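Participant: Before anything else, here's the structure in question.
Quick note: the coordinates plus some simple rules give every number you see, no bench work behind them. Since this is a predicted model, take the numbers as computed values, not measurements. Methodologically, a virtual Cβ is constructed for each residue, glycine included, from the backbone with ideal geometry; neighbour enumeration extends over all protein chains shown.
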Amino acid sequence: MDPTLTIELMNEHNLASVFEIEQESFKDPWSLQSFRSELELNRMAIYLVARLDGRVVGYIGSWLVLDEGHITTLAVESDYRRCGIGGCLVRTLIKRVIPHGARRMTLEVRPSNRGARKFYSNLGFEVHGRRKSYYSDEDALIMTLHDLQLPEKNWAEIVKKNYEQGKIEQAEPVEQKGEGPDEGSTGFDPGN
Ligand SMILES: CC(C)(COP(=O)(O)OP(=O)(O)OC[C@H]1O[C@@H](n2cnc3c(N)ncnc32)[C@H](O)[C@@H]1OP(=O)(O)O)[C@@H](O)C(=O)NCCC(=O)NCCS
């Protein structure tokens, strides 16, 4: 039987797995407490996990601030990269923030992280700025995906096709405390 991928809201039971992926993915990982406070205290946050046959293999987080969704963290377990899971997480997140009025998505990425830059470019993100000394050892590039609300950027349709073609299922939504939500992902750590 084909493996089943589900995308669902992150909860405290996912944190141990998320933290393991975080630690193998980033030089400057978030602490477990950072993830916990995002889930418990940040009402503008949306955090999602990707589960393959029930096992957490990736996650994404973002904040929704006015008309902007800002990706705060994104990682996929190393053995499962280049299978479409990261793309599925981003598209699902976009689908969730559009109804809340998001017009664009932004994120910070290390200039040296060529794989992630290519990944985001393929999704339509463009570099539109640089934050000096954002990371302890590097500037950050700011990447933006514009015009989420335009009908020709029919994200809902794109996600639907992704599910149909990629045998991806979206789990039943679970109780969500806030509306809204990348590399400690981006150098930013909500717990510090
Ligand atoms: C960036 C990341 C989340 C991408 O997740 P993923 O599940 O591997 O991405 P996908 O399989 O959806 O990739 C889709 C496309 O993006 C591009 N891409 C993804 N990773 C790439 C890489 N390392 N190098 C070049 N292109 C890449 C490819 O075009 C890929 O399609 P293909 O495999 O058919 O060629 C994953 O590599 C990761 O966890 N990296 C470590 C953490 C990180 O850097 N996070 C981003 C912080 S800003």
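Participant: Quick one: CYS83, CYS88, fewest Cβ neighbours within 10 Å first, how do they rank?
Facilitator: Least crowded to most crowded, the residues run CYS83, CYS88.
Participant: Given the C-alpha centroids of the stretch 1-77 and the stretch 105-147, what is the distance between them in whole angstrom?
Facilitator: Between the Cα centre of the stretch 1-77 and that of the stretch 105-147, the gap is 19 Å.
Participant: Please list 71-78, 98-105 highest first by mean number of surrounding beta-carbon atoms within 10 Å per residue.
Facilitator: Highest-to-lowest ranking by the protection proxy: 71-78, 98-105.
Participant: Another question, if that's okay. For the stretch 116-127, just list the computed ³J(HN,Hα) in residue order, Karplus coefficients 6.51, -1.76 and 1.60, θ = phi - 60°, integers in Hz, with x standing in for Gly and Pro.
Facilitator: So the J values, rounded to whole Hz, are 5, 4, 5, 4, 5, 4, 4, 7, x, 6, 10, 6.
Participant: Based on Cβ point charges of +1 for Lys and Arg and -1 for Asp and Glu, what charge dipole magnitude is obtained for the stretch 5-170 about its Cα centre, in debye rounded to the nearest 20?
Facilitator: Rounded to the nearest 20 debye, it is 460 debye.
Participant: In what sequence do HIS146, HIS70, HIS128 fall when counting other Cβ within 10 Å, fewest first?
Facilitator: Result, fewest neighbours first: HIS128, HIS146, HIS70.
Participant: Let me ask another. Each residue of the stretch 61-78 in turn: what ³J(HN,Hα) in whole Hz from Karplus with 6.51, -1.76, 1.60 and θ = phi - 60°, glycine and Pro shown as x?
Facilitator: Working through the residues one at a time gives x, 7, 10, 9, 10, 6, 9, 10, x, 10, 6, 9, 7, 7, 7, 10, 3, 4 Hz.
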